[in-house]
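Colleague: Input: one structure, supplied below.
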Amino acid sequence: MPNSKTLFVASFLALAIAASASAQMPPQQPDSKAFKIGSLDLVSLHDAQFVLPNDGKVFGVGHSPEEIGEVLKAAGAPTDAVTLSVDALLVKAPKRVILIDTGVGGALQQSLAQAGTKPEEVTDILITHSHPDHMGGLVKDGKLAFPKATIRMSSAEWAFARKNAQLANIVKVIDGNVKTFKPGATVVPQITSVSLKGHTPGHVGYEIVSGKGKLLDIGDTVHSSIISLVKPEWLVGFDNDEKGGEKNRIDTLKKLAKDNELVFTPHFPFPGVGRIAADGDHFSWEPSVPAAK
Ligand SMILES: [Zn+2]
């Protein structure tokens, strides 16, 4: 049923944009969690909480809400809804302040203040992909929310964003400040982009390296810390390319479990830092936040 799916995703995106552009979204609680990767200071920043009904339209497309409910129940979660956190990642490097994704326009600015950073101190914004819960925070009151930042995303993703009528207001404001790259490029010192195509055509992750420390922000490779790991093969309505999303999810999860690499994922429970473990034919989440000092 591609039509109803497309409509649903479109209406969700419209809702998210409306929420970011006005006060319609209920107040969101700020939160921040600092940790270190090598000598770099990182902070997970909380922006918002999304509660999606378990109606088989986003998670487990083609599966019944009862079947999806069983997966949620087995993990001890409520069966009628799926809650996603919306978070972003701050990297304080010696000469730059880098923000990876910007949330939907919830409490991110307050979370950033908690982390001791002013919006005008942000030098670079790295976008994983052009959905409103990652780009919505770029614009505030019709202006650049981070006035001095260069906004970086893959060239395929910027082309995709420019074609999306629902992003027109954001694209117009950020247009002169965007710099694109080819996936695989080192975007700023110590941060390299990694192609994780599938969720969107130019979706990338960002690998942060300092000394022996390493962390990969995997963007929307996964969404629910339960369903995306227990049933990675289930199609996700948020994926612009559902089959491509499935392939990227399974390939990336296998690799992460094998390498035991530390990851950040914007939609897992805050602060979204931990490791993926292989668990039979599926996966599990092991939250693990390095120390702040
Ligand atoms: Zn997202």
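The values are calculated or read from the model by the stated rules, or taken from the named source; none is laboratory data. None of the values given here were measured: they were computed from a predicted structure. Cβ placement follows ideal geometry from the backbone for every residue including glycine, while neighbour counts extend to all protein chains displayed. Heads up: the accessible areas ignore ligands, DNA and RNA and are worked out on the full protein's heavy atoms, side chains in. Shrake-Rupley method; radii C 1.70, N 1.55, O 1.52, S 1.80 Å.
Colleague: What shape does segment 227-293 take by its C-alpha gyration tensor, where a ≥ b ≥ c are the square roots of the eigenvalues and a/c under 1.5 counts as rounded, a/b above b/c as prolate, and the rest as oblate?
Modeller: Prolate shape, in that a/c is at least 1.5 and a/b is the bigger ratio.
Colleague: Among 115-121, 86-92, how do they line up from the highest to the lowest mean number of other beta-carbon atoms within 10 Å?
Modeller: Result, highest mean first: 86-92, 115-121.
Colleague: When ligands, DNA and RNA are left out and all protein chains stay put, how many square angstrom of accessible area per residue does the chain have with a 1.4 Å probe?
Modeller: Result: 44 Å² of accessible area for each residue.
Colleague: If the elastic network links every pair of Cα atoms under 10 Å, which of Glu67, Glu261, Glu246 fluctuates the most in the Gaussian network model of the chain?
Modeller: Comparing Glu67, Glu261, Glu246 in the GNM, the peak value goes to Glu67.
Colleague: With only alpha-carbon pairs counted, each pair once and no self-pairs, how large is the Kirkwood hydrodynamic radius of segment 50-144 in angstroms?
Modeller: 15.5 Å
Colleague: A further question on this structure: On a 21 Å Cα-Cα criterion, which of the cross-link pairs Lys36/Lys231; Lys118/Lys140; Lys57/Lys163 come out too long?
Modeller: Over 21 Å apart, Cα to Cα: Lys36/Lys231; Lys57/Lys163.
Colleague: Now for a separate question. Computed over the Cα atoms, what is the radius of gyration of segment 2-287 divided by 2.2 N^0.38 Å, N being its residue count?
Modeller: 0.93
Colleague: Out of the total accessible area of segment 133-207 (probe 1.4 Å, heavy atoms of protein only), what percent is carbon and sulfur?
Modeller: That share works out to 51 percent.
Colleague: Let me ask something additional. Find the all-direction average of the projected area of the Cα convex hull for segment 136-293, expressing the result in square nanometres with one decimal place.
Modeller: The number I arrive at for segment 136-293 is 10.3 nm².
Colleague: Moving to a separate point now. For the chain, return all DSSP H helices satisfying: extent of Cα atoms along own axis at least 15 Å; mean Kyte-Doolittle hydropathy at least -0.5.
Modeller: Span-like helices, by this rule, are 2-21.
Colleague: Another question, then. Per Stokes-Einstein, at 20 °C and 1.002 mPa s, what whole-number D in µm² s⁻¹ belongs to segment 96-189, with the Kirkwood radius over Cα pairs as the hydrodynamic radius?
Modeller: In µm²/s, the coefficient rounds to 161.
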